[in-house]
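Undergrad: Here you go, one structure.
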Amino acid sequence: MRSEDELSGLMLRYAVGEDGVFEELYRLLEPRVARFCARLVERRSDVPDLIQETFMRLHRSRATFMDGSNPVHWVRAIARSAHLDKVRYRRRRPEHLGPARDAADDDPRAPESHDPEMALRARDVEHVVRVELQKMSEKNRVAYILLREEGMSVKQAAALLGSTAAVVKKRAHRAYTQLRAALSAAGWNHYHREESWDTVPVPA
């Protein structure tokens, strides 16, 4: 895995017009973008289109990438913006998209296990989490994803979302509480404990 400095160096080279580094840049960024997009969208069939749109926007705006910026955070912000644009478009032009897919089907992040029973349990938990994530507000969902699943600090997430640390922590906490309730209702009472999230208390 390339370090963030090496990845940033590639992005800077691409930003000034060195097109030859795109293949390597795409190889390094695409798995992270795909994982993030898979959590944002409601239907798995939307993931490839969102990934493609994200990299198209990255290309168009590459000259705006600043030295010292984190390329992973930057591309996540692009992906979220592309997703929100699609959501707004669909709200203006509603269409029948067919039945929602099973949220756990073919999930590339679902834990694998040689124990069929454990694998089934893992997929069951993943299904509950995915369904519940789509029920919550977009702001709460993204705050939770960035902190809990993407491992960003509160400060980093707040900068990406254009918000404050307190607001991001509050949204993530609401999402976490909602997920815990859903998992408990489904019989999973031993869900992971909440992260410290920079040790700052979550606002009431």
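Read-outs: derived from the displayed coordinates by stated rules, not from any lab. Computed from a predicted model, the values in this text were never measured in an experiment.
Undergrad: Kindly identify the range 4-92 as rounded, prolate or oblate by the Cα gyration tensor criterion: order the square roots of the eigenvalues as a ≥ b ≥ c, call it rounded if a/c is under 1.5, otherwise compare a/b with b/c, prolate if a/b is larger, else oblate.
TA: Details: a/c = 2.21, a/b = 1.86, b/c = 1.19.
Prolate, since a/c reaches 1.5 and a/b exceeds b/c.
Undergrad: Run the numbers for T64 and S153: contour at 0.36 nm per residue of separation, minus the present Cα-Cα distance, in nm. Don't jump to the answer; show the numbers that get you there.
TA: Details: separation 89, 0.36 × 89 = 32.04 nm, distance 2.36 nm.
Difference between extended and current length: 29.7 nm.
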